[in-house]
Structure formats: structure tokens, C-alpha cells
1. Search the stretch 6-33 for residues that are in contact (Cβ under 8 Å) with a residue 60 or more places away in the chain and pair each with any residue that is among the small types (Gly, Ala, Ser) when their beta-carbon atoms are under 7 Å apart and the residues are at least 6 apart or on different chains.
2. Can you confirm whether residue 301 is of a type in the set (Val, Ile, Thr) and within 18 Å of residue 179 (Cβ to Cβ)?
3. Take the residues of the stretch 209-253 that are of a type in the set (Ser, Thr, Tyr) and touching a residue at least 40 places away in the same chain (Cβ under 8 Å): which is nearest to residue 123 (Cα to Cα)?
4. Can you confirm whether residue 265 is charged (D, E, K, R) and touching a Phe, Trp or Tyr at 6+ places or on another chain (Cβ under 8 Å)?
5. Just a yes or no: is a residue in the stretch 221-233 buried (at least 19 other Cβ atoms within 10 Å of the Cβ) and outside the structural domain of residue 18 (by TED's automatic domain parsing)?
6. What do you reckon, is residue 60 surrounded by fewer than 18 Cβ atoms within 10 Å (Cβ to Cβ), more than 26 Å from residue 47 (Cβ to Cβ) and free of Cβ contacts under 8 Å to residues at least 60 places away in the same chain?
7. Please go through the stretch 282-294 and pick out each residue that is outside any strand (DSSP E or B), touching a residue at least 12 places away in the same chain (Cβ under 8 Å) and surrounded by fewer than 19 Cβ atoms within 10 Å (Cβ to Cβ).
8. Looking only at the stretch 236-256, which residues are surrounded by fewer than 18 Cβ atoms within 10 Å (Cβ to Cβ) and either in a loop (DSSP other than H, G, I, E, B) or of a type in the set (Val, Ile, Thr) (or both)?
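The values are calculated or read from the model by the stated rules, or taken from the named source; none is laboratory data. Remember, it's a predicted structure, so these values are computed and weren't measured experimentally. Note that we place each Cβ from the backbone using ideal geometry, even for glycine, and neighbour counts take in every protein chain shown.
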Amino acid sequence: MSHILITGANGFVGRALALRLLEQPGHTLTLVDRAFVDAPDFGPATLLQGAFDDPRILEAALATPVDTVFHLASVPGGLAERQYAPGYQVNLQATMTLAHRLAGQSRAARPPIRLVFASSVAVYGPLTGAAIHEDQAPRPAMSYGAHKLMAEIALADLSRRGELDTVSLRLPGIVARPPGESGHGSAFMSLVMHNMAAGLPYACPVSPAATSWWMSLPCCVENLLHAAGMDTSTAPPARTWQLPVLQLSMEALLQALERRFGADRRRLISHLPDDAIETLFGRCPPLHTPAAIAAGFRHDIDADRLVASALA
């Protein structure tokens with residue numbers, strides 16, 4: 001029986017992943033999160049409440065040797081930009097502390113531990129112009145993206161050394177996050193969905209023509225699970241996969257929402273573009289990911305299925 005550790009396990013993605021894993025036999029779970037307030041029933045999983053960068057929590061999390069780790073915990077982008085010190089501590093320093101502790105376990109028991117790392121499209125920085133490909137040069141414009149990129153490189157080096165078996169996934173905007181979540185610069189991508197579903201007015205901070213990269217939560221979970229079990233024997237040296245995405249304008253997303261909820265609710269959505277937000281999250285060009293698709297990763301197919309899945 002395998003043992004799986006999830007950091008950030010009661011976050012938006014983490015709890016969905018944990019619940020999905022609890023449906024599958026053949027493994028045990030240790031879940032780490034700062035708080036388990038309003039958590040679902042995680043059944044037989046071991047819950048550790050506290051910051052994963054707390055040495056006591058890390059010690060307890062690794063008391064039972066692990067086979068697979070999903071490292072999802074982070075200080076989100078907007079908050080990490082406003083509060084540099086905790087972003088640096090969690091997103092880079094504590095991530096590397098975890099990785100080196102796991103590498104120590106791997107040296108004692110082969111094969112190496114599979115570490116699935118939730119990186120971000122924030123590593124690219126502002127994107128404009130023509131379509132881009134998986135070899136797009138990263139140019140992070142926020143500390144969050146810079147720290148994710150540094151972690152990717154260090155994790156790839158541990159894989160090169162045979163001390164870990166890492167898979168870093170560059171996640172796009174995952175929807176629809178709970179309305180109360182804060183700190184994400186891309187929060188508008190979820191809020192426009194929630195407000196239209198609830199029949200509430202919303203002033204969207206990007207224009208109708210703004211284009212973003214979208215993925216529903218269920219699709220993200222399936223990609224994470226695929227990353228945990230995929231064959232990495234022919235993985236690229238960077239050990240990084242840019243997940244396939246839907247590239248949709250806000251107008252296309254609103255049309256899909258209108259088809260689901262009606263024209264009256266569509267009229268509740270207005271636009272007050274914020275240039276900083278639109279520059280970072282609303283000018284994403286088409287993204288071609290043939291290598292990721294060949295490796296088995298997937299997107300949501302189309303806008304209507306994205307909306308249905310995100311709001312399920």
C-alpha cells in the first residue's frame with residue numbers, strides 16, 4: 001500500500017484532490033494544511049494542522065515514509081507580491097526544505113519519491129503577441145512566479161541526481177475558486193462565474209476582449225493524478241510540463257455563461273478594466289502544448305464544458 005502526502009490539502013485544489021484519492025483504494029493519506037476549518041470529511045486520512053514550513057509539522061508529516069507527494073501549499077501570487085517575506089519563505093525556502101527532506105528518504109528507500117509540484121504560468125510573466133509553445137522562455141514579473149521558477153530548477157536538479165522523481169506542472173487559472181478566497185490576482189476568473197451563477201452584479205476588472213488561460217478544478221485534479229502515475233523515464237531535463245489550457249476571451253466565457261444562465265444575468269456583468277490585472281492575466285495568447293498532450297495531459301475541451309465542470 002502506498003502512502004501519499006498532500007500539502008495545502010484543505011485549499012481549493014488540495015481538498016478536491018484529497019477527496020478524489022479517498023475514492024481510490026490502495027493507499028493511505030497524510031494531509032497538511034494551516035487550518036481544517038470547514039473541511040469536508042477526509043475519512044481515514046491523517047490530518048496535520050499547521051504550516052508545512054513549521055519543522056514540527058514537517059517532522060510529523062514525514063514520520064511515515066511517503067511514496068508520492070503533491071506539493072500544493074503556497075502563498076498566492078497577489079499576496080506574495082504585497083508581502084514578500086512570507087512568500088519567499090513558503091514558496092521557495094520551505095519548498096526546498098521539503099524537497100531535501102524527501103530526497104533524504106529517497107536515498108534510504110528506492111525508487112525515488114514522486115514529487116508533483118504545483119508551479120504556475122506566472123513563471124512566464126506578461127504574455128502578448130503571437131502563439132507561444134512549451135519552450136517559451138520564462139520571464140516572471142512577480143515574486144510568486146520567480147520563486148516558482150527557482151523551485152522548478154532546483155527540483156529538476158534533484159531529479160537529475162536521482163534523489164527525487166519530480167513532475168512540475170505549470171497551472172493556469174483554476175476555476176471556480178470560492179468567492180471568499182483572496183490573494184489571487186486572477187480571482188476575477190472565478191468571481192465572474194460565481195456572480196453570474198448567483199444572479200449578482202459584478203464589475204469585471206478586464207475587458208471583454210481580454211484573453212486568459214482557463215482550467216476547471218476537476219480537470220486540474222485529473223492532471224495532477226496523471227502526473228503522479230506517469231512514466232518519467234523519457235521526461236525532459238527540466239521535468240516541467242505546461243498543462244494544456246483553454247485560451248478564451250472574457251467575451252467567450254460570458255457567452256458560455258449566458259447559454260447556461262440566460263441573458264438577464266449576462267446584463268449584470270460590467271467591465272472596469274484594471275491595466276495591471278489585464279496585463280498579467282488578460283493578454284494570454286494561444287498556447288500550443290503538443291508534448292504535454294502526448295504525455296497524457298488534457299484540457300476542458302470547450303467553454304461550455306469548462307463552465308459546467310467548474311460550477312458542478
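1. From the stretch 6-33, the pairs are 6/14; 6/18; 7/73; 8/14; 8/73; 8/74; 9/18.
2. It is false that residue 301 is of a type in the set (Val, Ile, Thr) and within 18 Å of residue 179 (Cβ to Cβ).
3. Here the residue is 240.
4. Criteria not met by residue 265.
5. No, the conditions are met nowhere in the stretch 221-233.
6. no
7. 285, 286, 290, 291, 293
8. 236, 237, 238 - these are the residues of the stretch 236-256 that are surrounded by fewer than 18 Cβ atoms within 10 Å (Cβ to Cβ) and either in a loop (DSSP other than H, G, I, E, B) or of a type in the set (Val, Ile, Thr) (or both).
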